[in-house]
Amino acid sequence: MTEISKSSVQIDMRDAFFDQFYETAKDNNDIIFLSADHAAFSLEKFQKDFPERYINIGISEQNMIGTAAGLALSGKVVFVYGITPFVSLRVLEQLTIDLASMNLSVNIVSVGAGFTYSTDGPTHHGLQDLSAVCTIPNMTVLNSSDPFSTKAFAKIAAAEPGPKYIRIEKGLLPNLTDEGSHDYSKGFVELKKGNDLIILSTGRLAHEAIKASNVLEKEEGKSVGVIDLYRLKPLPEKDLITLLRGGKRIITLEEGYLDGGMGSMIGTLIAENKLNIPFLRMGLKNEFCFVYDSREAVLDKYGLTSSKIAKKISSWIR
C-alpha cells in the first residue's frame, strides 16, 4: 500500500503557486501580473506590495491576452490569471496568434480544472481546455496535481521563455512526493512502480489513481504502477515509451473529454511506436454535464472516483 500524503501540512493549491510567485517576482521588476477580475487570497500581498505591477484588466479576457502580448514585446515576463474556460477557449485565437506565433513569454495561469466549479454548470467546467490548448504550436502545457508541482510550475514559468499554459487546482490536496525529491523538468513522476498495470493520470485524478491502485493490488493481486503526467506538451515521449514498454496493460485517467485529451495523446504514442499493449482510456464522453452538485458527486456520476475506477479496470482485465 502506498500512502498519498507525503506531508502533514496542507496548503491551498492556489496559495502554493502564488506564494512562490511572490518570492520569484519580488526581486524582478520585469514580472507583471494581469487578472481578469479574479482573485486569490495569496495574491493580495503581491497586489499590496507591488501595485504598479498588478493590473486588473476586468472581465475582458481577449483584451487581457492582447495586453499581455504588448507587455511581453516590451521585455516583460507576464502572468495572466483567470478561470479555465475563459483563459483557454474564450481566448484561443489570441493565445495562438498574439502569443504563440511570436513565442512570447506569457504564462497563462488557469484555475478551475475539470469539475472544480461543478455547481456553476457547463460555462465554468474545464473539460476541453487541454484538448484545445495542446494543439497550439510553441505552447508548453503543465497540469498540477499537488502543492509541490504547483510551486515548481511558478518557478518554471518565470525562468523559462515562451508561452505556457499552467493549469492549477484550488482547495487542499496532499503532496504526492517528498519535497525536493523530484526534478519537475522531467515531465512526469512515477508515484508507484508496477508492471501488471500502469495507470497514467494527470491533475487531481492522480490521487484517485493511487487509491484505485491500492484496491486493485488487494482485490486482483496485481502489481500496479501509477504515473503523474504533469507536462502534456511537449510530451516527454522518449522516457514515457521506455516506461510503457515495461507494462502489460496501460490505463489513462483524466478529468476531461477523451476526444483529443491525454488518453488520445498516449494512445497515439503507443500506436506510432508499435507497442503491442492492451490500452484503456478513462475520462469523459463528449457531452455536456448539467449536473449541479459537489465535485466529488459529479466525478462519482461519471465513474471517476477511486472505487469506480478500480471496478472498471477489474472488469476490463477480466
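Structure above, values below:
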| quantity | calculated |
| --- | --- |
| Among Arg245, Arg14, Arg167: highest mean-square fluctuation, GNM of the chain, C-alpha pairs under 10 Å | Arg245 |
| The chain - Rg and Dmax from Cα coordinates, angstrom | 19.1, 61 |
| Using alpha-carbon coordinates, inclination of helix 13-25 to the longest axis of the chain, degrees | 40 degrees |
| Length released on extending from Lys301 to His124, taking residue separation times 0.36 nm less the Cα-Cα span | 61.9 nm |
| The chain - accessible surface per residue (Å², probe 1.4 Å) | 42 Å² |
| Gyration tensor (alpha-carbon) shape descriptor, segment 231-276, a/c threshold 1.5 | prolate |
| Positive dipole terminus of the chain, leading residue within Phe33, Leu191, Pro51 (C-beta point charges) | Leu191 |
| Nearest-20 debye value, the chain charge dipole, Cβ charges on Lys, Arg, Asp, Glu | 940 debye |
| Taking all pairs of distinct alpha-carbon atoms in segment 106-149, Kirkwood radius in angstrom | 11.8 Å |
| Signed unit charges on C-beta, dipole axis of segment 1-144, positive-most listed residue Met64, Thr84, Gly114 | Met64 |
| Nearest-0.05 FRET efficiency for Lys274 and Lys170, computed from C-beta distance (R0 41 Å) | 0.50 |
| Relative contact order [Cα under 8 Å, 6+ residues apart], segment 170-257, whole percent | 40 percent |
| Cα long-axis angle, helix 61-73 against the chain (0 to 90 degrees, to the nearest 10) | 70 degrees |
| Karplus-derived HN-Hα couplings along segment 136-145 (A = 6.51, B = -1.76, C = 1.60, θ = phi - 60°), whole Hz, x at Gly and Pro | 7, x, 6, 8, 8, 10, 10, 10, 7, 10 |
| Protection proxy ranking, peptides 185-196, 266-277, 110-121, average beta carbon neighbours within 10 Å, highest first | 110-121, 185-196, 266-277 |
| 222 nm mean residue ellipticity, helices alone, for the chain (DSSP H n ≥ 4; -39,500 (n - 2.57); rounded to 500) | -9500 deg cm²/dmol |
| Gyration tensor (alpha-carbon) shape descriptor, segment 260-318, a/c threshold 1.5 | oblate |
| Accessible surface of the chain [probe 1.4 Å, protein heavy atoms]: carbon and sulfur percent | 48 percent |
| Net length gained if the chain between Thr135 and Lys218 were fully extended (0.36 nm per residue, minus Cα distance) | 25.9 nm |
| Segment 68-181: C-alpha gyration tensor shape, a/c 1.5 cut-off, then a/b vs b/c | oblate |
| Net lengthening on full extension, Tyr292/Asn56 (0.36 nm per residue, minus Cα-Cα) | 82.0 nm |
| Peptides 90-101, 225-236 ordered by average Cβ neighbours within 10 Å, highest first | 225-236, 90-101 |
| Unit charges on C-beta of K, R, D, E only; dipole of segment 112-199, Debye | 140 debye |
| Between helix 306-317 and the chain: long-axis angle, C-alpha atoms, 0 to 90°, nearest 10 | 50 degrees |
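The values are calculated or read from the model by the stated rules, or taken from the named source; none is laboratory data. Computed from a predicted structure; not experimentally measured. Methodologically, a virtual Cβ is constructed for each residue, glycine included, from the backbone with ideal geometry; neighbour enumeration extends over all protein chains shown. Surface areas here come from the heavy atoms of the whole protein model, side chains and all, with no ligands, DNA or RNA. Shrake-Rupley method; radii C 1.70, N 1.55, O 1.52, S 1.80 Å.
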